[in-house]
1. On a 0 to 90 degree scale, rounded to 10, what angle separates helix 40-75 from the longest Cα axis of the chain?
2. Taking the Cα-to-Cβ direction at ASP144 and at GLU51 and moving 7 Å from each Cα, how far apart do the two end points lie in nm?
3. If you wrap the chain's Cα atoms in a convex hull and average its projection over all directions, what's the area in nm²?
4. Using a probe radius of 1.4 Å on heavy atoms only, what accessible surface per residue do you get for the chain? Whole Å² is fine.
5. For each pair in LYS24/LYS170; LYS44/LYS133; LYS36/LYS123, compute the distance between the two Cα atoms and list the pairs where it is over 20 Å.
6. Please report, in debye to the nearest 20, how large the charge dipole of the chain is about its Cα centre when each Lys and Arg carries +1 at its beta carbon and each Asp and Glu carries -1 there.
7. Going by Cα centres, the stretch 114-163 and the stretch 48-80 are how many Å apart?
8. Could you check how much of the accessible area of the chain is carbon and sulfur, as a whole percent, using a 1.4 Å probe?
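The values are calculated or read from the model by the stated rules, or taken from the named source; none is laboratory data. Everything quoted here is computed from the prediction, not taken from an experiment. Here Cβ is always computed from backbone atoms with ideal geometry, including for glycine, and neighbour counts include all displayed protein chains. Quick note on the areas: whole protein, heavy atoms, side chains included, nothing else; ligands and nucleic acids left out. Shrake-Rupley method; radii C 1.70, N 1.55, O 1.52, S 1.80 Å.
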Amino acid sequence: MKIKYLFYSLVILFSSYTVTAQTKVGTVNINVIVTKLPEIGKVKTGIEDYEKQLQNDLKLKLEAYEKEVEAANKVFATMDDEARKKKQQDIFNLETDIQKFRQNAADLVQLKQEELMRPLFSKVGQAVSEIAKQEKYTQIFTLDGNELAYIDPLYDLTLKVAEKLGITLK
């Protein structure tokens with residue numbers, strides 16, 4: 001009788017230990033959710049407006065370049081060598097500026113898109129965090145990037161590792 005009691009006690013003890021040590025993992029496709037948010041229209045409009053602004057800026061640079069070349073072509077024959085070299089350098093600088101602007105435009109649009117999308121991703125991340133806490137998930141992975149979207153702070157070892165290394169984190 002005592003052996004049965006001891007056996008059942010051990011089974012209950014180990015069962016309760018494994019239940020508390022289990023993790024609950026979920027997934028979420030954040031990009032699908034973000035594209036369905038009502039605010040996405042404002043983001044798209046903001047990006048399109050920014051692209052138009054960059055196109056207008058490029059157009060102004062090209063017009064200034066064309067005017068400079070036209071003006072230079074009219075007076076090149078009457079210029080001395082030093083003035084001609086300076087004018088050619090000015091035109092070359094304008095060409096370089098236009099080339100750099102074209103190269104940077106795609107990066108600028110990408111940065112603007114990230115800036116405008118950040119609040120949407122933050123909003124979805126907050127919702128994921130709230131649901132994960134309510135439903136007691138320990139980890140949530142994104143489907144599109146296989147990154148952690150949420151992790152229960154109990155499983156974050158950052159402070160313990162920093163403490164072991166003698167580092168103070170605020």
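1. It works out to around 20 degrees.
2. The modelled label-to-label distance comes out at 1.7 nm.
3. So the mean shadow area of the Cα hull is 19.5 nm².
4. 80 Å²
5. LYS24/LYS170; LYS44/LYS133, as the Cα separations exceed 20 Å there.
6. It works out to roughly 1080 debye.
7. One Cα centre to the other: 49 Å.
8. The value for the chain is 58 percent carbon and sulfur by accessible area.
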